[in-house]
1. For the stretch 1-35, what are the residues that are of a type in the set (A, V, I, L, M) and farther than 14 Å from F53 by Cα?
2. Any residue that is out of contact with any Lys or Arg (no Cβ under 9 Å at 6 or more places or on another chain), open to solvent by 100 Å² or more (accessible area, probe 1.4 Å), of a type in the set (K, R) and under 30 Å from I98 (Cβ atoms) - is there at least one of those in the stretch 52-71?
3. Restricted to the stretch 11-53, and to residues that are in contact (Cβ under 8 Å) with a residue 24 or more places away in the chain and among the charged types (D, E, K, R), which residue is farthest from P64 (Cα to Cα)?
4. Are any residues in the stretch 25-45 open to solvent by less than 20 Å² (accessible area, probe 1.4 Å) and either out of contact with any Lys or Arg (no Cβ under 7 Å at 6 or more places or on another chain) or among the aliphatic types (A, V, I, L, M) (or both), and if so, which ones?
5. Of the conditions (1) surrounded by fewer than 15 Cβ atoms within 10 Å (Cβ to Cβ); (2) assigned to a loop (DSSP other than H, G, I, E, B); (3) without any contact (Cβ under 8 Å) to a residue 12 or more places away in the chain, I76 fails just one. Which one is it?
6. Hey, can you tell me all the residues within the stretch 1-24 that are assigned to a helix (DSSP H, G or I), open to solvent by less than 80 Å² (accessible area, probe 1.4 Å) and among the polar types (S, T, N, Q)?
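The values are calculated or read from the model by the stated rules, or taken from the named source; none is laboratory data. Since the structure is predicted, the reported quantities are computational estimates derived from the model, not experimental observations. Because the Cβ atoms are built from the backbone with ideal geometry, glycine has one as well, and the counts that use them run over all protein chains shown. When the accessible area is computed, the model is the full protein with side chains, heavy atoms only, and any ligands, DNA or RNA have been set aside. Shrake-Rupley method; radii C 1.70, N 1.55, O 1.52, S 1.80 Å.
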Amino acid sequence: MLGNNIKELRKNKRMTQKDLAEAMKVSQQTVGAWETERAIPGADTLSELADYFNVTTDYLLGRPEKKDDNTKTADIDDDDVIFTYEGRQIPKEDLELIRRIMRGTRNDIK
């Protein structure tokens, strides 16, 4: 995956292996080894490659762009969900106020 990504990015820039080698201050053989995954760039070089191609190191490594962070969502109209703020349950009256604010109907707000 890493090798293919480096090769793809290099070709998208219309660069030869020699061009990339000069830009990264390594040998053309090193670039060839990266692309065929006979060698893997170190962390510093990986970071330099990411900066050079304006991508993330995760992209180079073939990781998904967004990692599931276990964020939980619930609709504020769901009465079966207990909403909290700073560890305390939000009273139903306050939830109704929040609903009205979110809908843009601020009249009746005291």
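1. As a first pass, look at the stretch 1-35 and keep what is of a type in the set (A, V, I, L, M): 1-2, 6, 9, 15, 20-21, 23-24, 26, 31, 33.
If the condition is that a residue be of a type in the set (A, V, I, L, M) and farther than 14 Å from F53 by Cα, then M1, V26, V31, A33 are the ones that fit.
2. yes
3. Here the residue is K13.
4. Here is the first cut: in the stretch 25-45, the ones open to solvent by less than 20 Å² (accessible area, probe 1.4 Å) are 31-35, 41.
The answer is V31, G32, A33, W34, P41.
5. Against the list (1) surrounded by fewer than 15 Cβ atoms within 10 Å (Cβ to Cβ); (2) assigned to a loop (DSSP other than H, G, I, E, B); (3) without any contact (Cβ under 8 Å) to a residue 12 or more places away in the chain, I76 comes up short only on (3).
6. N5, Q17 - these are the residues of the stretch 1-24 that are assigned to a helix (DSSP H, G or I), open to solvent by less than 80 Å² (accessible area, probe 1.4 Å) and among the polar types (S, T, N, Q).
Matching residues to (1) at pLDDT 90 or above; (2) closer than 30 Å to R10 by Cβ; (3) hydrophobic (A, V, I, L, M, F, W, C):
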residue: I40; (1), (2), (3): yes, yes, yes
residue: Y52; (1), (2), (3): yes, yes, no
residue: E86; (1), (2), (3): no, no, no
residue: K92; (1), (2), (3): no, no, no
residue: R100; (1), (2), (3): no, no, no
